[in-house]
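These notes are about the structure you will find just below.
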Amino acid sequence: MEHFSKDVRSAREWTAASRMVLAALAALTFIAIAAVARAGVQPGDAITPANASKVKDLVSPGVYYKIENGMTMKIVPSGRIDWLLLTRKQPRSTPPRCGSAATIAA
């Protein structure tokens, strides 16, 4: 019985070569889809109702509706966003609204 279960288990397992082929196909498919999606617009393009069809597959239906009805978009190059700068505490321009009586009187 032990021998039979080993044969069945090994028949269901993927070999290393077939896993590599599957991973390569998945990566190529992802790259091809990304290239097709980006081909319609370039940084610097202005999207208006006249050329809204360029972004139809890239934006949500609500945004596409807004573009068709007058909204414009300027396409900018993608880049890194420094989230650390965006999350730093900014200096307070107003005093705190709660505190002890000593801090309120001061």
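The values are calculated or read from the model by the stated rules, or taken from the named source; none is laboratory data. These figures come from a predicted structure and were not determined experimentally. As a convention, Cβ positions derive from the backbone with ideal geometry for all residues, glycine included, and neighbour counts pool all protein chains shown.
One line per residue, one yes/no per condition, for (1) modelled with pLDDT of 85 or more; (2) within 21 Å of the chain's Cα centre (by Cα):
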{"residue": "GLU2", "(1), (2)": "no, no"}
{"residue": "SER5", "(1), (2)": "no, no"}
{"residue": "VAL36", "(1), (2)": "no, yes"}
{"residue": "ILE47", "(1), (2)": "yes, yes"}
{"residue": "ILE75", "(1), (2)": "yes, yes"}
{"residue": "ARG80", "(1), (2)": "no, yes"}
{"residue": "LEU85", "(1), (2)": "no, yes"}
{"residue": "ARG88", "(1), (2)": "no, no"}
{"residue": "ARG92", "(1), (2)": "no, no"}
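The single condition among (1) touching a helix residue (DSSP H, G or I) at 6+ places or on another chain (Cβ under 9 Å); (2) at pLDDT below 80; (3) hydrophobic (A, V, I, L, M, F, W, C); (4) in a helix (DSSP H, G or I) that VAL63 does not satisfy is (2). Only residues that are farther than 14 Å from GLN42 by Cα, β-branched (Val, Ile, Thr) and surrounded by 14 or more Cβ atoms within 10 Å (Cβ to Cβ) were counted in segment 55-78, giving 3.
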